[in-house]
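Report on the structure given below.
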Amino acid sequence: MGHKIFVSYKYADSDVKQLTNSWRHDTVRTYVDKLEEYISKMSEHIYKGETDGDDLSGLSDDAIWTKLKDRIYDSTLTIVMISKGMRQTYLPDREQWIPWEISYSLKEVYRKNISDNMVKSSSNALLAIILPDTYGSYEYFTFRKTCCLNPCCSYKTNFLFEIMRKNMFNIKRPNNKECDDGSIVYYGDSSYMTTVKWEDFIKAPETYIDKAYDIQSKIEQYDVCKELD
């Protein structure tokens with residue numbers, strides 16, 4: 001079954017590992033171009049984000065937001081590209097695009113269809129792809145912990161936008177235990193927003209996309225945050 005995929009990201013963030021042989025430093029958009037290629041090879045999927053040739057620079061914020069909502073409305077999966085410079089910490093989340101795009105994609109929104117009937121959208125599946133920074137490291141957001149007999153991954157959720165943070169480790173009935181260092185270790189699909197490193201995603205894109213949809217099918221098991229504070 002085909003899916004419509006919207007991608008949310010910080011276009012000009014250049015704190016990413018060089019992906020091409022270009023003399024110019026790559027940005028997150030370079031990774032989105034590569035992601036488009038993967039999606040196009042999955043013939044049933046449709047990419048709903050803007051292409052690199054789109055020029056929205058001359059439009060007002062309201063006009064840009066209208067175009068984005070049109071693209072998000074009938075999408076079924078939102079992929080968020082986590083990059084080291086995606087969040088401007090000196091600006092409130094409400095003044096940045098990514099939180100709004102995630103929020104709108106998770107809401108159930110009514111619109112008229114071509115038959116003039118009101119149709120309600122469903123909450124999108126939510127997948128976050130973690131991009132390597134300039135040095136090829138993911139440790140600005142996630143790293144391996146070895147304090148216990150069974151090593152696990154740790155996530156610096158405070159780095160994220162609040163709506164992303166609230167959609168991690170938000171399963172209503174968690175399977176967890178206390179780690180030797182006092183932190184909490186979660187087992188299973190504990191987050192509505194599932195995460196994957198870029199290097200792992202490109203090995204099996206369909207696997208991680210399917211996982212996000214599987215979690216979406218059990219959305220009632222999660223306290224999904226859809227609103228911005």
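The values are calculated or read from the model by the stated rules, or taken from the named source; none is laboratory data. As the structure is a prediction and not an experimental result, all values here were calculated from the model. Cβ sites come from the backbone with ideal geometry, for glycine too, and all protein chains shown count toward neighbours. Side chains are part of the model used for accessible areas, which takes the heavy atoms of the whole protein and leaves out ligands, DNA and RNA. Shrake-Rupley method; radii C 1.70, N 1.55, O 1.52, S 1.80 Å.
Taking only DSSP H segments of four or more residues, each worth -39500 (n - 2.57), what value at 222 nm results for the chain once the sum is divided by all its residues, to the nearest 500 deg cm²/dmol? Walk me through the numbers before you get to the answer.
On the way: 6 runs with 57 residues, N = 229.
Helix contribution divided over all residues of the chain: -7000 deg cm²/dmol.
FRET efficiency for Arg24 and Lys218, Cβ-Cβ distance as r, R0 = 41 Å, nearest 0.05? Could you put the intermediate results ahead of the total?
Numbers: r = 43 Å, r/R0 = 1.05.
It comes to 0.45.
Over the chain, give the accessible area per residue in Å² for a 1.4 Å probe, as an integer. All intermediate terms of the calculation are to be shown ahead of the outcome.
Details: 12440 Å² over 229 residues.
Accessible area per residue, the chain: 54 Å².
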Task: Size of charge dipole - the chain - debye, nearest 20, with Cβ of Lys, Arg +1 and Asp, Glu -1, no other charges - done: 380
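Compute the FRET efficiency between Ser154 and Ser40 as 1/(1 + (r/R0)^6), taking r as their Cβ-Cβ distance and R0 = 45 Å, and round to the nearest 0.05.
Details: r = 34 Å, r/R0 = 0.77.
Efficiency, rounded to the nearest 0.05: 0.85.
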Task: Share, in percent, of DSSP beta bridges within the chain that are antiparallel, nearest 5 - done: 45
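Which of the trypsin sites (Lys or Arg not before Pro) found in region 143-187 are in a DSSP loop and have at most 13 neighbouring Cβ atoms, other than their own, within 10 Å? It would help to have the intermediate numbers written out before the result.
Details: sites: Arg144, Lys145, Lys156, Arg165, Lys166, Lys172, Lys177; in loops: Lys156, Lys166, Lys172.
Sites meeting the loop and neighbour criteria: Lys156, Lys172.
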Open item on the list: Modelling each spin label as a point 7 Å along the Cα-to-Cβ direction, I'd like the Thr134/Cys179 distance in nm, to one decimal.
Closed with: 2.8
Task: DSSP loop GluC sites (Glu not before Pro) with at most 10 other Cβ within 10 Å: longest gap in the chain - done: 109-226
Open item on the list: Below 24 Å, Cα to Cα, which lysines can Lys17 reach? Residues fewer than 8 away in the same chain don't count.
Closed with: Lys34, Lys41, Lys84, Lys145, Lys156, Lys197, Lys203
- [ ] Restricting to region 65-174, compute how many DSSP beta bridges are antiparallel as a %, nearest 5.
- [x] 55
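Among rounded, prolate and oblate, which fits region 149-214 when a ≥ b ≥ c are the square roots of the eigenvalues of its C-alpha gyration tensor, a/c under 1.5 means rounded, and a/b larger than b/c means prolate? Walk me through the numbers before you get to the answer.
Values: a/c = 1.62, a/b = 1.42, b/c = 1.14.
Note, shape of region 149-214 comes out prolate.
Run through region 194-229 and list the trypsin sites (Lys or Arg not before Pro) located in a DSSP loop whose Cβ has at most 14 other Cβ atoms within 10 Å. Write down the numbers at each step before the final one.
Working: sites: Lys197, Lys203, Lys211, Lys218, Lys226; in loops: Lys203, Lys218, Lys226.
Answer by residue number: Lys203, Lys218.
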TODO: For the chain, just say rounded, prolate or oblate: build the C-alpha gyration tensor, square-root its eigenvalues into a ≥ b ≥ c, call rounded for a/c under 1.5, and beyond that prolate if a/b exceeds b/c, oblate if not.
DONE: oblate
